[in-house]
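Nothing in this text is a laboratory measurement; each read-out follows from the coordinates by a stated rule. None of these values were measured; they are calculated from a predicted model. All Cβ positions, even for glycine, are placed from backbone atoms using ideal geometry, and neighbour counts span all protein chains on display.
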Amino acid sequence: MNIGALKEEVIAYSKTIGIDKIGFASADTFETLKGRLLMQQELGYQSGFEEPDIEKRTNPGLLVPKAKSIIAIALAYPSKMKNAPKSTREDRRGIFCRASWGKDYHDVLREKLSKLEEFLKEKSPDVRVKSMVDTGELSDRAVAERAGIGWSGKNCATITPEFGSYVYLGEIVTNIPFEPDQPIEDQCGTCNKCVDVCPTGALVQGGQLNAQRCIAYLTQTKGFLPEEFRTKIGNRLYGCDTCQTVCPENKGKDFHLHEEMEPDPELAKPSLKPLLSMSNREFKDKFGHVSGSWRGKKPIQRNAIIALAHYKDTTALPDLYKLVKDDPRPVIRGTAAWAIGKIGQAESISFLEEHLRKEEDDEVLKEMRAGLDVLRK
């Protein structure tokens, strides 16, 4: 088998199935990454969503026997929404980050990788392959960097010369010994904008992220959001794009190359109040196909309550009162009580005082008292 010719065939085929960028890397152990991950673990900077086994995250040979190379792919996604609805006083809106616009990118990339796998199997029946996107063992960014897709920016995103950091990444580990491509030199230079503007200081320094403070991570948690982050979250329902939108490499980058990635404006920037009373079935029917739905409706509803407090939306008070009275979930009742306090209408004092006497959950009681303290001041 002529490996060089096969590589050219794979590149040509990738273009016919809508892959925007492809690169090839060796399957050697990611030694530098290993050291970095061990340090992140020691510092408590991990999100907990990652593969816990650092050996599997850094040694492709544990995933595919006799692994020789990795094929990395990138698909560009839009950075601008057409016909975005306006947030008005009567109809406040939240926002999903760009990585949750359109069809769930995991499904889009898996489909492309599956086609590449089939192509490889046709050309080389003995081939061994393993594909992954985001939730796999390997670090997509480390693979993309080694394969020359882009460099790892100070914002911890992969930045490509063509599409900026607005790309989804995936890879295939294989036993075919493809010639590796050259990595791209880091081009962030002295620019430190992403680190300087990170709303919560989650970017400790260029290239180092404390995931526990990252808004993208915090919007996906299911418990009470720590008080210090509630004012920082704004109207974000899922994810955060700040470190991408300020990046000079992303200026003017907006690609609409894949129909399935186009955002439905009503889903990407939804009305907040209807989210509060949505059933599980309604949530799944409406948002189930976007990546931001993977944790279910509870984090989205909690974040919507915080967003209404951010707007001081007095028109939402009846909805928030109903949550405090009727919702069985302490996180939702408590966050609603806190939001009622933040919205700051004097008539809410008697409502919270009444429900303070009925409430039995300690954390909810704490939120109610915090809401009352703000109102009384």
Charged-residue dipole, Cβ positions (Lys, Arg, Asp, Glu), the stretch 193-376 about Cα centre, Debye nearest 20: 200 debye
In degrees rounded to 10, the 0-90 angle between helix 317-326 Cα long axis and the longest Cα principal axis of the chain is 90 degrees
Extreme residue, positive dipole direction of the chain, given options 83, 97, 129 (C-beta unit charges): 83
For residue 271 and residue 123, extending 7 Å from Cα along the Cα-Cβ vector and measuring point to point gives, in nm, a value of 5.2 nm
Placed amide H near residue 238: partners under 5 Å, 5+ positions off or other chain: 95, 97
Once the dipole of the chain is set up with Lys and Arg at +1 and Asp and Glu at -1 on Cβ about the Cα centre, which of 344, 164, 263 lies farthest towards its positive end? 344
What ranking of 91, 327, 53 emerges when the number of other C-beta atoms within 10 Å of each C-beta is taken as an exposure proxy, fewest first? 53, 91, 327
Once phi is turned into ³J(HN,Hα) by the Karplus curve 6.51 cos²θ - 1.76 cosθ + 1.60 with θ = phi - 60°, what whole-Hz value does each residue of the stretch 134-141 show in order, with x for glycine and proline? 6, 8, x, 6, 6, 7, 3, 5
Distance between the stretch 125-171 and the stretch 309-340 - C-alpha centres, whole angstrom: 41 Å
Okay, helix-only estimate at 222 nm for the chain: each DSSP H run of n ≥ 4 adds -39500 (n - 2.57), divide by all residues, round to 500 deg cm²/dmol; what do you get? -12000 deg cm²/dmol
Which whole-Hz ³J(HN,Hα) couplings does the stretch 185-193 yield from phi under the Karplus relation 6.51 cos²θ - 1.76 cosθ + 1.60, θ = phi - 60°, glycine and proline marked x? 5, 4, 10, 6, x, 8, 4, 9, 4
Out of (i) 21.5, 69; (ii) 19.6, 61; (iii) 23.1, 79, which label holds the value of Rg and Dmax of the Cα atoms in Å that was computed here? (iii)
Place a point 7 Å from the Cα of residue 114 along the Cα-to-Cβ direction; which residues of the stretch 165-203 have their backbone N under 18 Å from it? 169-173
Can you tell me how much longer the chain between residue 106 and residue 377 gets when fully stretched, taken as 0.36 nm per residue apart minus their C-alpha distance, in nm with one decimal? 92.8 nm
What list of ³J(HN,Hα) values in whole Hz, one per residue of the stretch 331-348 in order, does the Karplus curve 6.51 cos²θ - 1.76 cosθ + 1.60 (θ = phi - 60°) give from phi, with Gly and Pro shown as x? 4, 6, 4, x, 5, 5, 5, 4, 5, 4, x, 5, 5, x, 9, 4, 5, 6
Residue of 209, 62, 75 that the Gaussian network model of the chain assigns the largest fluctuation, springs spanning Cα pairs under 10 Å: 62
Computed lengthening from residue 354 to residue 196, 0.36 nm per intervening residue step minus Cα-Cα distance: 52.4 nm
For the stretch 1-26 and the stretch 203-242, distance of Cα centres in Å: 37 Å
Total charge of the residues flanking residue 346 in space, meaning their Cβ is under 15 Å from its Cβ, with Lys and Arg +1 and Asp and Glu -1, is 0
Charge context of residue 218, other residues only, Cβ under 10 angstrom, K/R +1, D/E -1: +4
Heads up, the stretch 278-333 by the C-alpha gyration tensor (a ≥ b ≥ c square roots of eigenvalues; a/c under 1.5 rounded, else a/b over b/c prolate, else oblate) looks prolate
Only four residue types carry charge here, +1 at the Cβ of Lys and Arg and -1 at the Cβ of Asp and Glu. Report the dipole size of the chain about the Cα centre in Debye, rounded to the nearest 20. 920 debye
For the chain, cysteines with no other Cys Cβ under 4.7 Å from their own Cβ are listed as 97, 156, 188, 191, 198, 214, 240, 247
Test of understanding: what is the full-extension gain from residue 28 to residue 1, defined as 0.36 nm times their sequence separation minus their Cα-Cα distance? 7.5 nm
